[in-house]
Amino acid sequence: MRRNSLLTAATLSALLATTACGAVSGTANPAAPSTRSASAGLEATAGAAGATSSDQVGASQRMAAERVAAAARAQREAADAKKAQDAAAAEAAAKAAAADAAAKAKADAPATAGAPVQAQAAAPVPTTASPQHAAAPAAPAPGAQPGAERIVPTTYTTAYTWFDNTPAGSATISHPVLHQSAGGTGTFEDPITIAVGHSLASGHDVLDFPAGTRIYLPDVRRYFIVEDTCGDGNEPQSGPCHQGANANGTNSTIWIDMWIGGQGASAGAADDCASRVTNVNTAVFNPASNYAVAPGAGVIHDGKCDAGYGNALVKK
């Protein structure tokens, strides 16, 4: 705009000088009107040119401003989209981490100790000799917590005596609870020692049933308490009592081994009584206290083997 203004001022100065010369000479200048007309036309042309240039510059500035605003708007939209994408990714990562933590916690949860092993393949076992028993004494284990009564009609029962305990000729037990050595009369208050299968696979001695668990056997009409383990050596989990499923082809699910004593009898009489109670029988785990109990202290008492009552559950 400034260059167009300077051009108009120079043109006006020239026209004024021409007009002044005509006036001084005193001669009429017939061309003057046409000169002024031309000058006016020039000024009009110059003004129109200036307006056109001004409009073009303004339009260019508006277009540039609009481009800048559009670019800024696109940049903001891109930034907002990236923020939304980052937030979604963070949320997905948090959910995945939570799922991994839950899966790890579930995998690390310890298995319940003391559950009976019922579904393992049967291993060859002797049909006449009673399994040997752990001899090393241990600190008294706590009694089992009270639980719901459970009746198992597929329990394989065997017996061990004074003569075939480990060590032989003793009443040593591995997990004393009520007795420091194998014993008991068979009442609910004074149950007889019984041995169960166990495992050393974890590096700790884990019994199939916790020490202190009470069991009632109707065939001998006496209560028993878990205070001993059935199976010797470094891998008792490979032995007969722990492998209680289908013992000797009997379709059993659990194997337990009752103490019948025999100190006052002969080894032969004790073995005969052990053979008599070896069978698939009913066992009641965590029994009520009102089942019938036969008289006499223990299965072998007063020179007889007190067994053969059958599997019917008789209350007092």
(request) Take the Cβ-Cβ distance between Lys95 and His204 as r, set R0 to 35 Å, and report the resulting FRET efficiency rounded to the nearest 0.05. (result) 0.40
(message) Suppose the chain between Asp232 and Ala87 were pulled fully straight at 0.36 nm per residue; how much longer would it get relative to their current alpha carbon spacing?
(response) 46.0 nm
(message) Using only the alpha carbons of the range 198-283, what is the convex hull's orientation-averaged projected area in square nanometres?
(response) 6.4
(request) Using label points projected 7 Å from each Cα along Cα→Cβ, tell me how many nm separate Ala79 and Tyr309, to one decimal. (result) 8.8
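Every number here is computed from the coordinates shown, using simple stated rules; none is lab data. Here the structure is a predicted model, which means the values were calculated and not measured. Glycine also receives a Cβ, built like all others from the backbone with ideal geometry; neighbour counts cover every protein chain displayed.
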